[in-house]
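The values are calculated or read from the model by the stated rules, or taken from the named source; none is laboratory data. What you are looking at is a predicted structure, and each value in this text was computed from that prediction instead of being measured. As a convention, Cβ positions derive from the backbone with ideal geometry for all residues, glycine included, and neighbour counts pool all protein chains shown. Calculation scope for accessible area: heavy atoms of the full protein, side chains included, ligands and nucleic acids excluded. Shrake-Rupley method; radii C 1.70, N 1.55, O 1.52, S 1.80 Å.
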Amino acid sequence: IAQQIATPKDDALKDILDAHDEDGRLVVYAGFQGSIDKLSALVKAQGWEYIKVDGRGWITSITGLRKPEDMLLIFQDKGRTYPKVCFIGQPSSAGMGLTLTESCETVYYSNDFNFESRSQSEDRIHRPGADFNRGVTITDLIHLPSDLKVLDNLQKKKRLQDLSLGEFREVLNAADPLGPLLF
């Protein structure tokens, strides 16, 4: 029998939701379906609607919405037909090709070891249309040593990518007879 257990991450997420009551949009990612289900219930209990995306598809607490594009329109709605909507996703299922710029914060409730999915999911709020004045914040909720271990692993993969891309740029720039490339 699967049993949900309260964790300090739950209280931290409630505080973050309260901090976003006025702007009414938040993006939360979790690496596992069980966490996504738990988050859906927590968000709803806090008075927020949700859109969740994982390996099972797109599901929302908003009655009458079925199409993913309609759900995204509601999330990005500047008129705030629904004043508080939380996008809850699994990075590998909901981390690519989406624009979620109405939120100025992305919270990682849990992570997996997939750096590409993590990197892409971070970029969902770093897109054209983001509010430059509000900025964007990435928050990782850490509770167990395993949370820290996974985050450390993801950061090492990021450093490796940066190193690889840096060397690639140097090779391209050195090979260009017209001078360095501008990237």
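Cα centroid separation, region 96-121 to region 37-87: 16 Å. The Cβ shell under 10 Å around Gln33 holds other residues with a net charge of +1, Lys and Arg each +1, Asp and Glu each -1. Carbon-plus-sulfur accessible fraction, the chain (probe radius 1.4 Å, protein heavy atoms only): 56%. Once you order the gyration tensor axes a ≥ b ≥ c over the Cα atoms, which shape class does region 56-143 get: rounded for a/c under 1.5, otherwise prolate or oblate by comparing a/b with b/c? The shape class here is oblate.
Fully extended, how many nm does the chain gain between Phe32 and Ala2 (0.36 nm per residue separation, minus their Cα-Cα distance)? Intermediate values should be presented prior to the final figure.
On the way: separation 30, 0.36 × 30 = 10.80 nm, distance 1.35 nm.
Gain on stretching Phe32 to Ala2: 9.5 nm.
Using a Gaussian network model of the chain in which every pair of alpha carbons under 10 angstrom is joined by a spring, one finds that among Gly57, Gly79, Gly97 the greatest mean-square fluctuation is at Gly79. To the nearest 10 degrees, how steeply does helix 33-45 sit against the main Cα axis of the chain, on a 0 to 90 scale? Between the helix axis and the principal axis of the chain, the angle is about 50 degrees. The Asp162 and Asp23 beta-carbon pair, evaluated with R₀ = 35 Å, returns a calculated FRET efficiency of approximately 0.65. Remark: the chain carries 57 Å² of accessible area per residue (probe radius 1.4 Å; ligands, DNA and RNA excluded).
So what is the calculated 222 nm ellipticity per residue for the chain, using -39500 (n - 2.57) for each DSSP H run with n of 4 or more, over all residues, to the nearest 500 deg cm²/dmol? Write down the numbers at each step before the final one.
Values: 6 runs with 77 residues, N = 183.
Here the helix-only value at 222 nm equals -13500 deg cm²/dmol.
Extension gain for the segment Thr137 to Asp15, taken as residue separation times 0.36 nm less the Cα-Cα distance, is 42.4 nm to one decimal. Compactness check for region 1-65: Cα Rg over 2.2 N^0.38 Å is 1.13.
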